[in-house]
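Single-structure report; data block below.
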Amino acid sequence: MAPRLVRTVLSDRVFTGVRRRRLGKLVAELAEPWTAQQQSRLRDRRGRDRLRAEGAGPDYDLPLVDRIIVTLVVLRFQLPHAALGLLYQVDRSTITRAVGEIRPLLAARGFAVPGKPGLRLRTLADVFAYAAAEGIELRIDGTEVQVRRPKAGRPGRRAFVSGKKKQNTGKATVISDDQGRLLWCGAVRPGRMHDVTALRTEGIEDLLRRYREVRAQVDSGYQGLARDYSDQVTAPPKKPGKTADDTERATYETARHAQSSQRICVEHAIAEPKQWRPLQRYIGRRDHFEDTILAIAGLVSDRAAER
């Protein structure tokens with residue numbers, strides 16, 4: 001199959017997860033950082049500046065457009081690199097190298113903001129600053145993805161064993177607005193770490209003290225955060241004890257359902273990235289998991305921001 005025909009077929013939204021119009025904007029956005037990345041790599045390899053004019057030497061086996069397309073297809077369906085190499089008539093290593101170049105660039109893009117095309121949120125501090133400026137109440141929740149088990153005898157093997165899932169997982173924290181639009185995904189940690197611990201290590205306590213006007217809705221996994229910052233963070237009420245009467249139980253159920261109805265929209269923000277195959281069960285290298293989840297979540301946020 002001719003590479004041009006392969007490009008036409010694989011650039012469809014069914015394979016890439018993004019519309020062709022959005023794909024064109026993505027290519028234009030990544031062209032400059034990818035070129036700078038390549039020039040830096042070549043200079044490090046040569047140990048000096050180039051002697052020949054730009055454009056000299058052999059062309060790339062895969063131009064930038066095709067590199068982005070194959071990376072999106074791998075992120076979307078977790079297809080074997082050898083299969084894509086066969087379609088493009090290149091070696092498997094060429095596809096692997098292309099994915100290794102584009103995936104970090106996608107992960108570094110950040111997350112789109114509804115109604116603000118030029119603004120992207122890259123850190124948790126960006127999210128709090130945006131929420132404070134716009135008066136948005138945040139929704140926070142954690143999500144886990146099954147990953148491959150480390151080899152026996154390797155240090156840190158137990159760190160990925162999730163007490164909740166009873167399997168090896170990677171964990172990430174997702175933040176959305178009150179309409180379920182994804183604003184940020186990060187704090188990627190091994191599955192054994194508790195949800196609130198992962199968020200504390202990301203520095204959320206300092207941000208809560210700095211932005212006193214920011215409010216957030218969380219689930220019961222963040223009870224400790226709600227206890228320490230009760231005027232800013234709202235969690236479900238604690239379950240009444242065994243000696244509670246029917247009135248106390250009814251009050252608890254009413255309060256729990258009311259808080260859940262306000263928080264449930266973050267579940268929709270979690271569900272969208274998990275339509276992509278690697279976030280259903282990740283079979284790649286664990287050291288690439290963070291870039292993978294950030295790249296996918298960033299692409300999903302583009303679509304969420306347009307709604």
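Listed values, structure above:
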quantity: Condition met for A172 (surrounded by fewer than 19 Cβ atoms within 10 Å (Cβ to Cβ) and either of a type in the set (A, V, I, L, M, F, W, C) or outside the structural domain of T234 (by TED's automatic domain parsing) (or both)); calculated: no
quantity: Flag if R45 is surrounded by fewer than 17 Cβ atoms within 10 Å (Cβ to Cβ), under 29 Å from D287 (Cβ atoms), under 26 Å from the mean Cα position of the chain (by Cα) and of a type outside the set (S, T, N, Q); calculated: no
quantity: Those residues of region 121-148 which are part of a loop (DSSP other than H, G, I, E, B) and among the charged types (D, E, K, R), in sequence order; calculated: R122, E137, R148
quantity: Counted residues, region 175-191 - those being touching a Ser or Thr at 6+ places or on another chain (Cβ under 8 Å) and either of a type in the set (G, A, S) or not assigned by TED's automatic domain parsing to the domain that holds L124 (or both); calculated: 3
quantity: Residue check for V218: modelled with pLDDT of 95 or more, of a type outside the set (K, R) and either out of contact with any Cys (no Cβ under 6 Å at 6 or more places or on another chain) or in the same structural domain as A129 (by TED's automatic domain parsing) (or both); calculated: no
quantity: Elements of type helices (runs of 4 or more DSSP H) in region 240-307, at least 3 residues being under 29 Å from the mean Cα position of the chain (by Cα), over 14 Å from T173 (Cα atoms) and in contact (Cβ under 8 Å) with a residue 12 or more places away in the chain; calculated: 246-263, 289-306
quantity: Yes/no for R139 being in contact with a strand residue (DSSP E or B) (Cβ under 6 Å, 6 or more places away or on another chain), of a type in the set (D, E, K, R), closer than 23 Å to Q262 by Cβ and buried (at least 21 other Cβ atoms within 10 Å of the Cβ); calculated: yes
quantity: Unmet criterion (only one of (1) touching a Leu at 6+ places or on another chain (Cβ under 7 Å); (2) exposed (fewer than 14 other Cβ atoms within 10 Å of the Cβ)) for I204; calculated: (2)
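Residue-by-condition table, conditions (1) outside any loop (DSSP other than H, G, I, E, B); (2) closer than 22 Å to C265 by Cα; (3) of a type in the set (V, I, T); (4) touching a Lys or Arg at 6+ places or on another chain (Cβ under 8 Å):
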position: K151; (1), (2), (3), (4): no, no, no, yes
position: R154; (1), (2), (3), (4): no, no, no, no
position: A159; (1), (2), (3), (4): yes, no, no, yes
position: G163; (1), (2), (3), (4): no, no, no, yes
position: I175; (1), (2), (3), (4): yes, yes, yes, yes
position: G180; (1), (2), (3), (4): no, yes, no, yes
position: C185; (1), (2), (3), (4): yes, yes, no, no
position: V188; (1), (2), (3), (4): yes, yes, yes, yes
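Matching residues to (1) closer than 22 Å to P273 by Cα; (2) at pLDDT 95 or above; (3) in contact with a Lys or Arg (Cβ under 7 Å, 6 or more places away or on another chain):
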{"position": "G85", "(1), (2), (3)": "no, no, yes"}
{"position": "Y88", "(1), (2), (3)": "no, no, no"}
{"position": "D91", "(1), (2), (3)": "no, no, no"}
{"position": "A107", "(1), (2), (3)": "yes, yes, no"}
{"position": "A112", "(1), (2), (3)": "yes, no, yes"}
{"position": "K116", "(1), (2), (3)": "yes, no, no"}
{"position": "G135", "(1), (2), (3)": "no, no, no"}
{"position": "G142", "(1), (2), (3)": "yes, no, yes"}
{"position": "V147", "(1), (2), (3)": "yes, no, yes"}
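The rows are residues; the columns are (1) under 21 Å from A304 (Cα atoms); (2) assigned to a helix (DSSP H, G or I); (3) in contact (Cβ under 8 Å) with a residue 24 or more places away in the chain.
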{"residue": "V74", "(1), (2), (3)": "no, yes, yes"}
{"residue": "G85", "(1), (2), (3)": "no, yes, no"}
{"residue": "A98", "(1), (2), (3)": "no, yes, yes"}
{"residue": "R109", "(1), (2), (3)": "yes, no, yes"}
{"residue": "L119", "(1), (2), (3)": "yes, no, no"}
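The values are calculated or read from the model by the stated rules, or taken from the named source; none is laboratory data. A quick note: this is a predicted structure, and the numbers were derived from the prediction, not measured. Note: ideal-geometry Cβ built from the backbone for every residue, glycine included; neighbour counts use all protein chains shown.
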